[in-house]
Amino acid sequence: LHSFLSILSIIFPLLFLVKGTAWNSIQFFYYSIFSLSLLTTFLLSRIYIKNKIIGVSLFAIIFLMLIPGVYYSTNEYLQNRSETVFTRSLYQSALFLKDRVDGIVMVDPAFTNNSFISAISGKTTFYADEMWLSVQLIPYNSRKNEVNDFFASSVVDLNFLAKNHIKYIFTSSNQNKKFSDSKVKEIYTNENITIYEL
């Protein structure tokens, strides 16, 4: 049974791939990892019964080979990254937009890794949640580049904002100097985020 499950859980992810997001296929390998780990345990226990030195040696080799992967995974999950951590200031900023007049929100690239701002504020974002866009096969590269260019520029491109009907700019507070010299109006600010309105 374990062998059958292991073979199926390896074959299916290889046959049914989701274009654009490899993780959606990779995550199904966990089933084979679970069943194969049981088979490996049974094999090591039989080897240990027949020859203790070889059994212990194989166990030590496998254990040492797993350490780099465990270290890498642990380090990934312990990082305080903006796409996985929603701060109070981010939540309050998105909540502030909820009661404002409807309009498209241009979100700083630092906050575009998810749909959190759109979900809390109830507003349409110009570009956000690249993973979801790729799973849905929605072309997003042009908008991603436009957002990156907009925030990388030292001046505010008002023509670009008007052309795309953007009403709000949701940005980190370190961008304040650039926007203070333009015709956009600051409507909200906290220690990390500032929101502007056209």
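The values are calculated or read from the model by the stated rules, or taken from the named source; none is laboratory data. The structure displayed is predicted, hence computed values, not measured ones. Cβ placement follows ideal geometry from the backbone for every residue including glycine, while neighbour counts extend to all protein chains displayed. SASA here: full protein model, heavy atoms, side chains in, ligands and nucleic acids out. Shrake-Rupley method; radii C 1.70, N 1.55, O 1.52, S 1.80 Å.
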Checklist outcome for this item: Counting only residues in the range 90-128 that are of a type in the set (Gly, Ala, Ser) and within 15 Å of residue 192 (Cβ to Cβ), the one most open to solvent (accessible area, probe 1.4 Å) is identified as 110
Checklist entry - In the set 93, 37, 118, 45, which member is modelled with pLDDT under 90 and in a helix (DSSP H, G or I)? => result 37
Checklist entry - Is one or more of the residues making up the range 23-31 open to solvent by 70 Å² or more (accessible area, probe 1.4 Å) and modelled with pLDDT under 70? => result yes
Checklist entry - Taking into account only those residues within the range 163-193 that are surrounded by 13 or more Cβ atoms within 10 Å (Cβ to Cβ) and assigned to a loop (DSSP other than H, G, I, E, B), which is modelled with the highest pLDDT? => result 164
